[in-house]
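Read through the structure below, which is laid out as structure tokens, and then see the notes.
The values are calculated or read from the model by the stated rules, or taken from the named source; none is laboratory data. Values in this document were obtained by computation on a predicted structure and should not be read as measured data. Please note: Cβ atoms are built from the backbone with ideal geometry, for glycine as well, and neighbour counts cover all protein chains shown.
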Number of protein chains: 2
Amino acid sequence: MTNIRAVVYGVGAMNSVITRYLLDKDVEIVGAISRSPDKVGKDLGEVTGLDRRLGVSISDDPHEVFTRTSPDIAVVAITSYLVDAAEHFRIALSHGVNVITLSEEALYPWNTAPELTAELDALAKEHGVTITGGGFQDSFWVNAVAQLMGTAHRIDSVTGTSSWNVDEYGPELAELQQVGATIEEFDAWCREAVRPPTFGRIALDALVAGAGLTPKQILTRTEPELAHETLHCAALGIDVPPGKCIGFTDIDEIRTEEGPVFVFRMSGRLYGPDDSDVNEWTIHGEPDLVMSNGTPPTMATTCTQLVNRIPDVLDADPGFVTVVDLPRLRYRHGRLHDHLSRWSSDRYIVREEL
Amino acid sequence: MTNIRAVVYGVGAMNSVITRYLLDKDVEIVGAISRSPDKVGKDLGEVTGLDRRLGVSISDDPHEVFTRTSPDIAVVAITSYLVDAAEHFRIALSHGVNVITLSEEALYPWNTAPELTAELDALAKEHGVTITGGGFQDSFWVNAVAQLMGTAHRIDSVTGTSSWNVDEYGPELAELQQVGATIEEFDAWCREAVRPPTFGRIALDALVAGAGLTPKQILTRTEPELAHETLHCAALGIDVPPGKCIGFTDIDEIRTEEGPVFVFRMSGRLYGPDDSDVNEWTIHGEPDLVMSNGTPPTMATTCTQLVNRIPDVLDADPGFVTVVDLPRLRYRHGRLHDHLSRWSSDRYIVREEL
């Protein structure tokens, strides 16, 4: 029985959950890649908390892993922005390996990193493989919203509110979100920071593009979120006293040539005891519409959606294909391999050498 | 400039709203069909409350209308079940006209009316056109739910709750919903009634099929809704005292071979002062998930979704194509014609005579 063969690229919190999900759906994990010295050489099952060995030794040499294992797809969860992730994508694509990634910018990078995206698009096409960015945003910020938009006759505005707990995503993101900074440090950072595009803006780019609309003006403003009581940040191993930053809220707005305005308030902060994730979208127009997802299980659905997208990525045409252009996300009961419709491991072999 | 050319087939409450939506999106309405003697011969704009004439005279002869106007699509809003609507569909399809319909069973009729569906599928293919059932259920009961399912790793159950106010749909439906009946009368009706498949069951059929699952057992049970305080039924002009029926709730359940169970509770009853329409779906599994749409604008989104589906129907392959197999519903800004991707009016001309 043929199974999808995957390499886990990056062995952090997300790919640990994803490893278990992949195994549950009979994906064969043939390799694992990490640069972290305390993970290299160890067994993937051990490091991801599975309490069993998988016979997959974590390597810091992606070339060696891809050459030795020839996987169908690499599940890349390393870093948020294309400029940092590109080298990893290049390695996978050059080895003829499809890529699905949690890199947030990869959700829709055509506006924020057009040259890099075009380069990766060309590289993917050259090697007959597909690269796609997915995760929580796929459905909750893009495709479910786009579908709600599809129930409108006329849209004046689309407004989203979302929040996530900084403490669930490791130290890199906690530092990026300015956890522990004073308000002065936050202000200074805000003035001086050359910040990459926000995740909310990237989601709005996807929504606007998916609706066939044309961005006219793009605004992002950022408001600090301050601790009202001392909150512990496990990711950084610090306590944040009242008055210091526990994160911030980005308010992105895209105005379009055609009229509809898109606004997204995304708050990434340390949670207090009464906080929980939200995902709510409101459309004003004819008629007014709302969608909410209670307390969405953000981390779990980051991983579930990535795994459920794998058959779409394998089935897609080669190139950089965003979730805007993939089919509607589907539940994948049982073996992931059974959900492929047209893919076979040699469909896009561009050249084969002796 | 080419526009989509449509015939409005059935001129009731829904197609009156749809007529305005079509005109807003530059669809050319070339004909209108109704059997109602008080509408035939009148102008469509007048009858649909547009306060202006459209130069479209309502006809009771569909053959004449289709022959004379050769429309691209017929928007059919006449009756709920395929057995009653089939003759109208046959006429449109035989004239090489695509069909989109609000007939509830047409949403997914392959299980409840397999022979009739296969016949219409063959007829559509023979004439190179597509027939699709759409409306409120498209997104709110099927595709938005299916997309939420796509954020799950494992599904144990999917449960939907929806309600509608019996008093908004006239006396016939109020009587059908047993408003004013005693519990003994309700029980007697329940024992003897030969009821067609519920709309909820048809939506579950679509969900199960879309997820690639296999129905194992299908149960529908019906529970009376009893007045807790005296409620007035405007449709019947009666007061319903405590203890008597104000409607009922159908609970449809589909158990699948693969495990996941689908349940839909649809309540049609007289509303008390605190009641409003709801659309809520809960998934139990890994993880648990919820979606709700506040008080969904049921009638408006019945019409919006049908109109927004028209480009998908024209672009689709010929046959009976359900919303399960169409692309994700999209918002259609501006001219509907601009949203076509591969359709042209002669793409599927099967034969052309002198």
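Quick notes on this one:
- Verdict on B:GLU223 being charged (D, E, K, R), within 30 Å of B:LEU204 (Cα to Cα) and touching a residue at least 40 places away in the same chain (Cβ under 8 Å): no
- Within region B:153-165, the set of residues being under 27 Å from the mean Cα position of the chain (by Cα) and either under 30 Å from A:ASP24 (Cβ atoms) or crowded, with 19+ Cβ neighbours inside 10 Å (or both) comprises B:ILE155, B:SER157, B:VAL158, B:THR159, B:GLY160, B:THR161, B:SER162, B:SER163, B:TRP164.
- Answer residue from region A:135-157, given it is assigned to a strand (DSSP E or B) and more than 9 Å from chain B (Cβ to nearest Cβ) and is farthest from A:ILE100 (Cα to Cα) among those: A:ASP156
- Scanning region B:25-38 for residues that are of a type in the set (D, E, K, R) and crowded, with 20+ Cβ neighbours inside 10 Å yields a total of 1.
- Within region B:180-206, the residues that satisfy the criterion of being more than 22 Å from B:MET299 (Cα to Cα) and surrounded by 15 or more Cβ atoms within 10 Å (Cβ to Cβ) are B:GLY180, B:ALA181, B:PHE186, B:TRP189, B:CYS190, B:PRO196, B:ASP205.
- Residues that are in contact (Cβ under 8 Å) with a residue 40 or more places away in the chain and more than 22 Å from A:ASN3 (Cα to Cα) within region A:84-101 comprise A:HIS88, A:PHE89, listed in sequence order.
- Of all residues making up region A:287-298, the number that are within 15 Å of B:THR301 (Cβ to Cβ) and part of a strand (DSSP E or B): 3
- The strands (runs of 3 or more DSSP E) located wholly in region B:174-267 that include 3 or more residues which are of a type in the set (A, V, I, L, M, F, W, C) occupy B:215-226, B:245-256.
- Residue within region B:5-24 that is over 20 Å from B:HIS95 (Cβ atoms), acidic (Asp, Glu), more than 22 Å from the chain's Cα centre (by Cα) and surrounded by fewer than 17 Cβ atoms within 10 Å (Cβ to Cβ) present: no
- Residue list for region A:83-96, restricted to those being surrounded by 20 or more Cβ atoms within 10 Å (Cβ to Cβ) and within 19 Å of A:GLY170 (Cβ to Cβ): A:ALA85, A:HIS88
- Inspection of region B:112-130 finds no residue satisfying the criterion of being within 14 Å of chain A (Cβ to nearest Cβ) and at pLDDT 95 or above.
- A:LEU336 being more than 10 Å from every other protein chain (Cβ to nearest Cβ), modelled with pLDDT of 95 or more and buried (at least 24 other Cβ atoms within 10 Å of the Cβ): no
Every residue, every condition in (1) within 10 Å of chain A (Cβ to nearest Cβ); (2) at pLDDT 95 or above; (3) over 26 Å from B:PRO171 (Cα atoms); (4) outside any strand (DSSP E or B), yes or no:
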site	(1), (2), (3), (4)
B:ASP277	no, no, no, yes
B:THR282	yes, yes, yes, no
B:GLY285	yes, yes, yes, no
B:ALA300	yes, yes, no, yes
B:VAL313	no, yes, yes, yes
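- A single member of B:LEU306, B:LEU289 is within 21 Å of B:LEU204 (Cα to Cα), within 9 Å of chain A (Cβ to nearest Cβ) and in contact (Cβ under 8 Å) with a residue 40 or more places away in the chain, and it is B:LEU289.
- So A:GLY160, is it away from chain B (no Cβ under 14 Å), part of a strand (DSSP E or B) and more than 30 Å from B:LEU23 (Cβ to Cβ): yes
- Any pair with Cβ under 6 angstrom, 6 or more apart, that starts in region A:205-217 at a residue that is farther than 12 Å from A:GLU257 by Cα and charged (D, E, K, R) and ends at one that is at pLDDT 95 or above and surrounded by 15 or more Cβ atoms within 10 Å (Cβ to Cβ): A:ASP205/A:TYR108; A:ASP205/A:ASN111
- Single match in A:PHE186, A:PHE199 (criterion: aromatic (Phe, Trp, Tyr), in contact (Cβ under 8 Å) with a residue 40 or more places away in the chain and closer than 22 Å to A:LEU329 by Cβ): A:PHE199
- Among the candidates A:ASP61, A:ASP26, the residue that is within 14 Å of chain B (Cβ to nearest Cβ) and among the charged types (D, E, K, R) is uniquely A:ASP26.
- Qualifying residue in region A:166-188 (condition: away from chain B (no Cβ under 14 Å), under 18 Å from the mean Cα position of the chain (by Cα) and at pLDDT 95 or above): no
- Residue under evaluation B:GLY49, criteria (1) of a type outside the set (Lys, Arg); (2) more than 21 Å from B:GLY135 (Cβ to Cβ); (3) surrounded by fewer than 16 Cβ atoms within 10 Å (Cβ to Cβ), criterion not met: (2)
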